[in-house]
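The values are calculated or read from the model by the stated rules, or taken from the named source; none is laboratory data. Since this is a predicted model, take the numbers as computed values, not measurements. With ideal geometry, Cβ positions are generated from the backbone for all residues, glycine too; neighbour counts draw on all protein chains shown. For the accessible areas, the whole protein counts, side chains as well, though only heavy atoms, and no ligand, DNA or RNA atoms are used. Shrake-Rupley method; radii C 1.70, N 1.55, O 1.52, S 1.80 Å.
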Amino acid sequence: MANPPHGGVLKDLVVRDTPIQAQLLAETKSLPDIILTERQLCDLELIINGGFSPLEGFLNQADYQSVLDNMRLTNGALWPMPITLDVSKDQAEALKIQAGARVTLRDPRDDNPIAILTVSDLYPAKKQEEAAKVFGKDDRAHPAVAYLHDNVKELYVGGAVQAISRPRYYDYVELRYTPAELRLHFQKVAWRKVVAFQTRNPMHRAHRELTVRASRQRQANVLIHPVVGMTKPGDVDHYTRVRVYQSLMPRYPKGMAHLALLPLAMRMGGPREALWHAIIRKNFGVTHFIVGRDHAGPGKDSTGKDFYGPYDAQTLVTQFKDELGIEMVPFQQMTYLPASDEYQPVDEVAAGTQTLDISGTELRRRLRNGAPIPDWFSYESVVKTLRESYPPKAQQGFTVFITGLYNSGKDDLARALQVKLNEQGGRSVSLLLGETVRSELSSELGFTQEDRHKNIQRIAFVAAELTRAGAAVIAAPIAPFEASRKLAKETVQKTGGAGNFFLVHVSTPLQVAEQTDRKGIYAKARAGQIKGFTGVDDPYEDPTNADLTLDLSQMTIAEGVHATILTLESDGLLQV
Ligand code: PPS
C-alpha cells in the first residue's frame, strides 16, 4: 500500500476533470489567456497531477499570508512553499482579471491549454516579506530571491484550476510518472516501503552507497526521484543528468530501485524546501525520504556565509515528524575510506581514519582538463556521460574573432590560421571572412553603424552555434565598434559555453593598409567614391580588451599565426 497523500485525498485534477474536458477546451476559445512562465508551468503540472495535494490551484491571499507566516494553509494543512501565479498590472488589466473571471493557462512551449483558472482574488506580491520569511533573508545572492525580484511580476492571481491536459513532453516520456502512475507502479511491483532520494545533480558512487544504506536501514525499496523542472542556475542540464541516472541504475541489485523524474521547479529554499519535498514525495506514494547535508541549499549569501546550516533542513523536518506522514531518513555527508574501499557517513568514521573526497569544483576542474576521475569516486559509465557533455578544453569549440582595418592583413591572417588549424586536425574549421559574410548572410546591409552592428551580430550568431558544436571558428570582419565586438563575445560565450572567445586586433596602421592597397579601395574612398569608409570618413574604435594585438607591418603573417596558435595553446585548446 502506497503512503496516503497529504491531506488524505490525491488531487488528481486531470482525472477529476476528464469528463468535462471537451467542454473546458471549447470554453478556452472565448477566454483570455495567460502564457505561463517555465516555473508556473512546473507548478501547474504538479497542481493538476496531485503532486501538490492538497492544493487545487494557486494560493489566494489568505493562504499566501498563512504560508508565509505559519507554513500552513488557512485550513491548517502543513504547506511551506508559496505556490503563486504572478501577473503584471498591465496584464491583469488587459485580461480583466478579477474575482470570478476565468482564464486559460497555456503552455509557453506549444501554446496548449493546460487548465482554466477561476480567479478568487488578485493581490500584491509581498516580495520582501516573502523573501525574508520563506528564504530566510531578502538577499539577492539567493537564486529564488533574485528570481522573485527580477522575474516575478507585482500581482498574484489566486484561484482553483480545472485541468484540461498535462504538458506534453518528448524527452524521457517513459520516466515521467504522475503520482497516480507511481502509486500504481508500487502496487504492481508490491513495494510496501519506499525511500525516495531527491537530487538535482549527477549521481556518483557516494549517492548510490547512501541510498543503499537507507534502503537497508529501513528495509525499503529505493526511488531515485530527480528534479527535471527548474533547478539552480548553472546546474548540469537534465539531459546529461538523466543519462547519468540511467547508467547508474544497473548498479542497484535487480528490483531494488526505480527511477522516476519529477517536473518540479526548485526554489533552493533549504529547510522549508526539504519539508515541501517530503510532502511532494508523500503524494507520490513514498513512505521514507532522505534528507542529507545542506538539502536544497542555495550556497553562500552576499556576505559569504551559508544561507542555512548544513543540518537545518533535518531539524525542521524532524519538528513536523508526527504530522508529516512520511518518515525522514537523515544522512550526514558520505565520505570514502580507501583502506576498506567503502563509503560511510562522516559521523560514523572513526577518528584518525583516512578519508577521500572530490568536491564539485574539483570534479568540474578534472572534467575541464580531461584529468582522471577515480573509480572510487564514480562509475566509468557516469564519467563517460559527463565527459561527453563536458568535453575537455582540447575538444571544445572556440571562436577567434579577428578585427582590424580593411587591408590590415586580417584576412591573410585568418586564411593562414585556417590552414594551421586544419593541419592540427581534431576540429572542423570554419572561416567567416568579412566579404563572405557580406555576400552570403548580409547582402542587403550597408555600412551605417546600425547595419555594421547587425552584420557583426549575425556573424556572432553563426560563430556561437558552430562553437557550441565543437568547431574552430575564425571570423574576420572589420568590426569597427567596441559595442558590437562586446556583444559578439557575449553571444559566443553564452551560447557556445565555456567562454572560448578570443579577440585578435590586427593593429596594422592605416597608413600602411592604405599604401599596400593594390585594389585601390582607399583611393576611391579618399576620392569620395565610397562614402563612410572605415579609417577614411568612418571611425575604427581600437579594442581595449584584445587577447592579442598584432601589427602586421611589424611581423610576418606566419609570425602572427604562431602568436595566435600560442594563445590558443596556452588556454589548453590545442592540447593533444
Ligand atoms: S563591418 O564594418 O565589420 O560590417 O565591415 P565588413 O563586413 O568587414 O565589410 C568590409 C568589406 O566591405 C567593403 N566596404 C566597406 N568597408 C568599410 N566601410 C565602407 N563604407 C565600405 N563599403 C564597402 C570593404 O572593402 C570590405 O570588402 P572586402 O570584400 O572584405 O575586401
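Worth a mention:
- Residues with amide H under 5 Å from that of T549, placed H, sequence gap 5 or more: H505
- Using the average count of surrounding beta-carbon atoms within 10 Å as a protection proxy, the listed peptides 311-317, 193-199 rank, highest first, as 193-199, 311-317.
- Amide H to amide H, with H built 1.01 Å from N, Y379 comes under 5 Å of R205, counting only residues 5 or more places away or on other chains.
- Packing-based order for 30-37, 401-408, using average beta carbon neighbours within 10 Å, highest first: 401-408, 30-37
- q = 0.21, 0.24 Å⁻¹, the range 27-83: log10 I(q)/I(0) [Debye, one scatterer per Cα]: -0.83, -0.97
- Mean separation of Cα contacts under 8 Å (6+ apart) over length of the range 393-571, as relative contact order %: 32 percent
- Diffusion of the range 432-576 by Stokes-Einstein, at 25 °C in a medium of 0.890 mPa s and with Rh set to the Kirkwood radius over alpha-carbon pairs, works out to 149 µm²/s.
- Accessible-area value, L122, 1.4 Å probe, nucleic acids and ligands omitted, Å²: 70 Å²
- Cα-projected label distance for E154 with D111, points at 7 Å along beta-carbon direction, nm: 3.0 nm
- Per residue, the solvent-accessible area of the chain (1.4 Å probe, heavy atoms of protein chains only, all protein chains present) comes to 44 Å².
- Label-point separation, T495 to Y172 (7 Å along Cα→Cβ), nm: 2.7 nm
- Computed over the range 325-421, the quotient of the alpha carbon radius of gyration and 2.2 N^0.38 Å is 1.87.
- Take every Cα pair under 8 Å whose residues are at least 6 apart in sequence, average their separation, divide by the length of the chain, and the relative contact order is 12 percent.
- Dimensionless Rg over Rh [the range 57-189; C-alpha; Kirkwood]: 1.02
- Gyration tensor over alpha-carbon atoms, the range 157-269, equivalent ellipsoid semi-axes in Å: 25, 19, 14
- Distant-in-sequence amide H partners of D538 (H built 1.01 Å from N, under 5 Å): F533
- Nearest-0.05 FRET efficiency for R468 and L510, computed from C-beta distance (R0 25 Å): 0.10
- Over 22 Å (Cα to Cα) - which of K11/K153; K232/K393; K127/K232; K11/K254; K11/K282 fall in this group: K11/K153; K232/K393; K11/K254
- Subtracting the Cα-Cα distance of T74 and T556 from 0.36 nm times their residue separation leaves 165.8 nm of extension gain.
- P(r), alpha carbons of the chain - 20 Å bins starting at zero, rounded %: 18, 40, 31, 11, 0
- Sequentially through the range 357-370, phi angles give Karplus couplings (6.51, -1.76, 1.60; θ = phi - 60°) of 9, 10, 6, x, 5, 5, 4, 4, 4, 5, 5, 4, 8, x Hz, Gly and Pro residues having no value and appearing as x.
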